[in-house]
Amino acid sequence: MEEHVYSEFPNLPGRRRRCCGQGTQMALLGLVTVMLWAGLLTLLLFWHWDAVQNLKQLEETAAQNVSQVAKDLERHRGDEMAQKSRAAQVSQNVEEIQAEQKRMKAQDSELSRNLDGLRSDLSNLKSQSLNERRTALHSLERLQQEVVKLWVELHVSNGRSFPVCHHLWVRFASPSSAPCGSEEGHQ
């Protein structure tokens, strides 16, 4: 049983018989070569067509992107101009506010000076009022003393007499009240 594994196949004669002639083989080889070249060219054409389609799509996408970038750039320029305009407006507003602050500071200083002057005038008026009040009170006391003297002289001239009052008692409670030592008080 140690035969060779291929011993089942019959021994073929050393010479094989060819089914076709040499011309047919060459024609078949040429046909296969042409078919291979045709397949290769077809693949290359498909690859080229696909590449062209991809390039067209990329070109369209690039055109859309360029258009979008142009729009974005234009919008950005518009925004930038608006920001510059707003910045100029804000700057102008800041300058106006600063000018208003300076004006208000000057006005505040003037009002402060006026207030100081009014306080000084008020203090002077208070002092003057107190002085006038003291003068009026002093004049009133002198007038009361004169009235008492006249009243005493009137009573003395009429021949009436009455005791002398202490100088602090010379105050009138009402116009009808008489000073101390009057006749009504002693009778």
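Nothing in this text is a laboratory measurement; each read-out follows from the coordinates by a stated rule. None of the values given here were measured: they were computed from a predicted structure. Glycine also receives a Cβ, built like all others from the backbone with ideal geometry; neighbour counts cover every protein chain displayed.
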The ³J(HN,Hα) series, computed from each phi in the stretch 131-142 with the Karplus coefficients 6.51, -1.76 and 1.60 at θ = phi - 60°, rounded to the nearest Hz and given as x for glycine or proline, is 4, 5, 5, 4, 5, 5, 5, 5, 5, 4, 4, 5
What are the ³J(HN,Hα) values, in whole Hz, obtained from phi via the Karplus relation 6.51 cos²θ - 1.76 cosθ + 1.60 with θ = phi - 60°, for each residue of the stretch 91-98 in sequence order, with x given for Gly and Pro?
-> 4, 5, 4, 4, 4, 5, 5, 5
When the distances between all Cα atoms of the stretch 59-152 are binned every 5 Å from zero, what whole-number percent does each bin get?
-> 3, 9, 7, 6, 6, 6, 5, 6, 5, 5, 4, 5, 4, 4, 4, 3, 3, 2, 3, 2, 2, 2, 1, 1, 1, 0, 0
Set the Förster distance to 45 Å, then compute FRET efficiency between GLN145 and LYS102 from the Cβ-Cβ distance, nearest 0.05.
-> 0.10
In nanometres, the difference between 0.36 nm per residue of separation and the alpha-carbon distance of GLN83 and ARG119 is 7.8 nm
